[in-house]
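The values are calculated or read from the model by the stated rules, or taken from the named source; none is laboratory data. Just so we're clear, the structure is a prediction, and the values are computed from it rather than from any experiment. Note that each Cβ is placed from the backbone with ideal geometry, even for glycine, and that neighbours are counted across all protein chains shown. The protein model used for the area step is the full one, side chains on, heavy atoms only, and it has no ligands, DNA or RNA in it. Shrake-Rupley method; radii C 1.70, N 1.55, O 1.52, S 1.80 Å.
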Amino acid sequence: MSPQKRVKNSQIPKRTSQRSNSYQTNLLAWKLKENLSNSKNISKHGQNSPVEESEHADADELTEDALQIAMRYFEKGPFKTSWNKDKTLEKHLKTVENVAWKNGLAPEGIDILLNVALSGKFGSAVNSQILRCMIPATLISEDSVVKAVSWLCAGKCCGSTKILFYRWLVAMYDFIDHKEKINLLYGFFFASLQDDALGMQPYLHALLSLYKFFVPTLISISLPIKKKIYFKNSENLWKTALVAVRQRNQGLSPEPLKLMLGPANVRPRKRKWNSHSLIPVLNSSSHSKEYGKKGMCLSDYLCSNTPFPIEQLKSFPQLLQNIHCLELPSQMGAVLNSSLLLHYINCVRDESVLLRLYHWLNQTLQEECIWYKMNNYQCGKEFTSFLDTIIKAECFLQEGFYSCEAFLYKSLPLWDGFCCRPQFLQLVSWIPFTSFSEVKPFIFDRLAQLFFTSTIYFKCSVLENLKELLQNWLLWLSMDIHMKTVMDSSLETTFSGSMKSVFELIHYVGWLSTNALRLESNSTFLLHFVLDFYEKVSDIYINYNLPLVVLFPPGIFYLALLSVDSSILNQLCYIMHRYRNNLIAAKKNELVLKIKSEFIFSSKTYQEYNYYLTAMVRCLWTSKPFQKGSYFDPEVFKKIGVAKYKTSLNLVHHPALLNYAISFLLKEWPEERTVNLSFIRGKKWNGYLDYLFSEGLQSLKHFIQSSICHSSVP
């Protein structure tokens with residue numbers, strides 16, 4: 001539960017404010033270095049005349065001065081300047097571009113330009129132009145790349161600039177002087193794959209392939225082969241310049257490794273047409289398969305430092321013994337079919353494990369979703385089975401996957417409300433706890449459109465799954481919040497926000513229910529599902545130890561009170577009884593702790609409950625319903641021809657209980673040919689109550705015993 005939350009809230013290294021001591025941006029040193037370089041180049045061309053040498057020296061000096069001025073301009077220049085309107089900017093861009101493509105840029109210059117391009121100091125067009133001309137003269141400092149990646153966390157640059165930066169990083173990877181710090185950004189690159197603008201791009205996949213080439217044990221994910229993860233020559237912006245850099249640096253550094261970023265380095269994700277499962281088979285990485293091939297026995301293998309292959313994992317005790325050296329599958333989706341590995345995911349603190357799983361789920365859900373494929377429902381059963389497996393894993397972990405939440409964002413506008421309905425609505429019920437106001441426009445507003453235009457059965461299914469969503473949120477909150485100190489001031493603000501999200505969800509379901517009952521002509525069938533939801537709501541304080549009591553809207557209360565179905569009336573009595581117990585417990589807790597809750601409890605909540613309670617007692621017991629100030633207008637009864645409406649809603653005459661009253665009279669006076677309801681009074685009244693309770697109306701019994709004085713008999 002907690003590891004998944006950590007992934008969502010995880011942070012990558014913050015942008016450092018100071019540069020490392022080993023690497024300073026020193027334009028004077030840079031100038032000196034370039035001058036020495038120029039002098040060496042001049043000495044190599046001794047056949048040139050003194051006049052030509054002087055001309056070259058003057059030209060190089062002018063270019064160097066112009067480059068220094070341009071660098072100072074970009075480092076301290078204006079913000080959000082338009083390229084077309086600023087001639088100075090255009091001039092300095094041209095200077096940097098000419099020097100870069102002719103001789104390349106020093107590490108210090110690349111450091112400055114990376115900070116400028118990714119800090120959002122200029123517009124996106126200028127940033128793209130800067131990235132396109134960042135060609136190294138020799139090497140690129142690793143610190144510069146790390147700082148550039150940290151700028152991505154600040155959100156200063158647009159998506160197209162991020163994509164171009166990743167393309168540049170992949171193309172220049174071999175020119176980075178060190179890789180140790182970049183390897184630590186492995187988790188960040190995986191997190192970036194969840195971004196729509198970046199996740200579908202081949203550039204990050206290519207970068208991961210580079211990691212897999214150098215450190216195969218670090219990346220065991222099977223990269224998709226449907227998209228080409230290498231760059232075509234025509235698309236490589238820096239191909240010509242890189243060739244020139246290699247030629248210029250020949251002899252100073254070895255030839256960079258020629259990596260084939262294609263099918264040779266990755267395991268293709270192939271699936272037979274007759275396969276009925278999208279979940280890959282459990283399969284360890286290739287370097288761990290030496291077990292069994294070299295005749296090692298299991299005990300020898302366990303004693304060694306070699307990772308334990310998941311193929312050998314058969315029992316929970318075995319998992320506990322090897323949890324520190326367990327080797328995960330090459331495709332993380334395989335864990336969905338393994339309860340032991342789901343245990344591991346739920347306990348492990350390695351965030352990259354969940355990031356890999358989320359990335360695999362993102363890719364598979366988007367590629368295999370059948371309503372993304374127009375008029376192609378051949379894989380419907382396979383996709384339905386895949387969703388069932390995901391839901392089982394979520395139930396096992398008791399928490400939803402953020403990848404599924406992202407899938408709902410994207411697919412809900414295209415969903416017809418019919419295809420994979422049970423699975424889709426169950427995914428809604430497992431949305432991880434979040435701010436309701438943030439989720440509402442993307443999921444619940446769109447779900448409401450389908451809700452109001454669909455059948456009553458769809459409405460009931462939605463209400464049932466929203467009840468499960470509420471339950472999952474309440475369970476998560478009760479486990480997460482009460483493990484912390486409630487008196488913490490920072491937690492108080494977070495706790496208040498969490499209670500607000502739950503309150504907004506309940507209010508949303510109340511709004512849905514009230515309007516749905518109107519559309520469905522106050523259907524008793526639909527009302528059952530509405531009251532099921534409020535059964536969960538009425539017990540929040542006692543069952544989940546959360547300071548929240550939310551009453552149902554008047555439209556639902558009065559509809560249930562006037563229902564002709566005895567089970568509806570009995571259910572209403574149960575909800576009112578539970579509300580009473582929760583409010584009393586909350587009041588006692590406030591008196592004991594002498595702390596007034598500042599969340600939802602207020603005098604208005606108690607007043608609203610007392611109003612509902614009075615209306616029920618007057619209807620069912622005292623035969624004085626709907627007094628002055630009631631939500632319900634007594635004139636309605638007169639218009640429909642019910643003259644004696646005051647006595648028509650008590651326990652004897654109520655439409656939901658009338659058949660019980662007649663059955664009781666026939667039982668007591670079997671010889672009577674006429675039924676007179678006025679006989680049920682005095683001692684017979686208590687006998688009638690016992691008869692009602694014996695017929696299964698236990699919630700009515702609890703309501704009467706807790707809310708009505710027994711000495712008052714009608």
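Report yes if residue 115 is at pLDDT 85 or above, open to solvent by 60 Å² or more (accessible area, probe 1.4 Å) and polar (S, T, N, Q), otherwise no.
In short, no.
If residue 141 satisfies all but one of (1) touching a Pro at 6+ places or on another chain (Cβ under 8 Å); (2) surrounded by fewer than 19 Cβ atoms within 10 Å (Cβ to Cβ); (3) over 30 Å from residue 357 (Cα atoms), what's the number of the condition it fails?
The number of the failed condition is (2).
Any residue in region 673-685 that's among the hydrophobic types (A, V, I, L, M, F, W, C): show its pairings with residues that are at pLDDT below 80 and open to solvent by less than 70 Å² (accessible area, probe 1.4 Å) at Cβ separation under 6 Å, as long as the two are six or more apart or on different chains.
Once the first residue is among the hydrophobic types (A, V, I, L, M, F, W, C) and sits in region 673-685, its partners that are at pLDDT below 80 and open to solvent by less than 70 Å² (accessible area, probe 1.4 Å) give 685/713.
Residues of region 305-343 being of a type outside the set (Gly, Ala, Ser), in a helix (DSSP H, G or I) and open to solvent by less than 20 Å² (accessible area, probe 1.4 Å), which ones?
Within region 305-343, 310, 319, 322, 332, 335, 336, 341, 342 qualify.
Does region 501-525 hold any residues that are under 27 Å from residue 581 (Cβ atoms) and either among the hydroxyl-bearing types (Ser, Thr, Tyr) or open to solvent by less than 40 Å² (accessible area, probe 1.4 Å) (or both), and which are they?
Within region 501-525, 501, 502, 505, 506, 508, 509, 510, 512, 513, 514, 517, 524 meet the criteria.
Restricting the search to region 162-172, which residues are crowded, with 21+ Cβ neighbours inside 10 Å and closer than 18 Å to residue 108 by Cα?
165, 168, 169
Return yes when residue 147 is among the charged types (D, E, K, R), open to solvent by 10 Å² or more (accessible area, probe 1.4 Å) and modelled with pLDDT under 85 and no when it is not.
So residue 147 does not fit the description; no.
If I filter region 84-98 for residues that are within 22 Å of residue 199 (Cα to Cα) and open to solvent by 40 Å² or more (accessible area, probe 1.4 Å), do I get at least one hit?
no
Examine region 177-188 for a residue that is part of a helix (DSSP H, G or I), of a type in the set (Phe, Trp, Tyr), open to solvent by 10 Å² or more (accessible area, probe 1.4 Å) and modelled with pLDDT under 85, and state whether such a residue exists.
Yes; the residues of region 177-188 include at least one that is part of a helix (DSSP H, G or I), of a type in the set (Phe, Trp, Tyr), open to solvent by 10 Å² or more (accessible area, probe 1.4 Å) and modelled with pLDDT under 85.
Would you list the helices (runs of 4 or more DSSP H) that sit entirely within region 409-457 and hold 2 or more residues that are within 22 Å of residue 527 (Cβ to Cβ) and under 18 Å from the mean Cα position of the chain (by Cα)?
Per the criteria, 421-429.
Could you identify the single residue in 558, 534, 574 that is aromatic (Phe, Trp, Tyr) and closer than 21 Å to residue 475 by Cα?
Just one listed residue meets the conditions, 534.
Can you tell me which residue is least open to solvent (accessible area, probe 1.4 Å) among those in region 678-695 that are assigned to a loop (DSSP other than H, G, I, E, B) and within 16 Å of residue 654 (Cβ to Cβ)?
Per the stated criteria, the residue is 680.
Which one of the conditions (1) surrounded by 17 or more Cβ atoms within 10 Å (Cβ to Cβ); (2) within 22 Å of residue 532 (Cα to Cα) does residue 457 fail to meet, given that it meets all the rest?
The failed condition is (1).
For residue 679, work out the one condition from (1) farther than 21 Å from residue 556 by Cβ; (2) at pLDDT 90 or above; (3) aromatic (Phe, Trp, Tyr) it doesn't fulfil.
(2)
Filter region 151-161 down to residues that are open to solvent by 40 Å² or more (accessible area, probe 1.4 Å) and touching a residue at least 24 places away in the same chain (Cβ under 8 Å) and give me whichever is nearest to residue 113 (Cα to Cα).
Checking each candidate, the answer is 156.
Rundown of residues vs (1) in contact with a Gly (Cβ under 8 Å, 6 or more places away or on another chain); (2) at pLDDT 90 or above; (3) under 19 Å from residue 310 (Cβ atoms), yes/no style:
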residue: 344; (1), (2), (3): no, no, yes
residue: 347; (1), (2), (3): no, no, yes
residue: 357; (1), (2), (3): yes, no, yes
residue: 367; (1), (2), (3): no, no, no
residue: 372; (1), (2), (3): no, no, no
residue: 380; (1), (2), (3): no, no, no
residue: 387; (1), (2), (3): no, yes, no
